[in-house]
Amino acid sequence: MSAGNRTTLFVSLIFVSGLLVGGTLMNVAEHFWLHAHPREEYDIRDHQRIAAEMRRRLNLSADQQRQVDQILQQTVRDYQAVQNEVEPRYDQVRAAGRARLRAILDPKQRMAFDAIVARVDREYPVDQRPASIPTPCPVSIDSHR
């Protein structure tokens with residue numbers, strides 16, 4: 001092999017190695033640094049955390065804290081009422097979709113499909129809402145002033 005061919009081969013190997021190492025490091029950096037602390041979203045069902053954050057950021061009085069807690073609890077109840085109204089319709093749509101899928105499958109495929117559906121239903125329960133309204137936020141003026 002001539003010196004020119006060896007040089008080209010080594011430069012190519014170094015280039016490919018650089019691509020592999022760089023790509024791997026970028027993947028690791030993205031996974032561990034960029035997504036290490038995902039921003040938490042507020043969920044109204046966690047009204048105690050929202051009330052505590054409002055109390056901390058807005059320096060609420062005791063009366064305001066009680067009012068915020070009452071408003072957030074009522075909002076949770078209102079959301080749950082809407083969800084209770086709409087949820088049966090979602091169940092109907094889900095059941096109808098599954099029935100249409102089953103209709104196009106042969107008996108063997110239907111059995112496998114039913115097993116998949118059963119597993120999905122176990123892993124992702126339809127009703128993941130809290131059974132009851134969370135307890136009121138504890139009002140503590142001294143600890144947040």
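Readers should treat all values here as calculations from the given coordinates under stated rules, not as data from a laboratory. Every value quoted in this text rests on a predicted model; they were computed, and no experiment measured them. Note that we place each Cβ from the backbone using ideal geometry, even for glycine, and neighbour counts take in every protein chain shown.
Annotations for the structure displayed:
- FRET efficiency for the pair F113 and F15, taken as 1/(1 + (r/R0)^6) with r the Cβ-Cβ distance and R0 = 35 Å, rounds to 0.10.
- Linear extension gain, R57 paired with N84, 0.36 nm per residue minus alpha-carbon span: 6.4 nm
- Förster-model FRET efficiency, 35 Å R0, R98 and I71, C-beta, rounded to 0.05: 0.35
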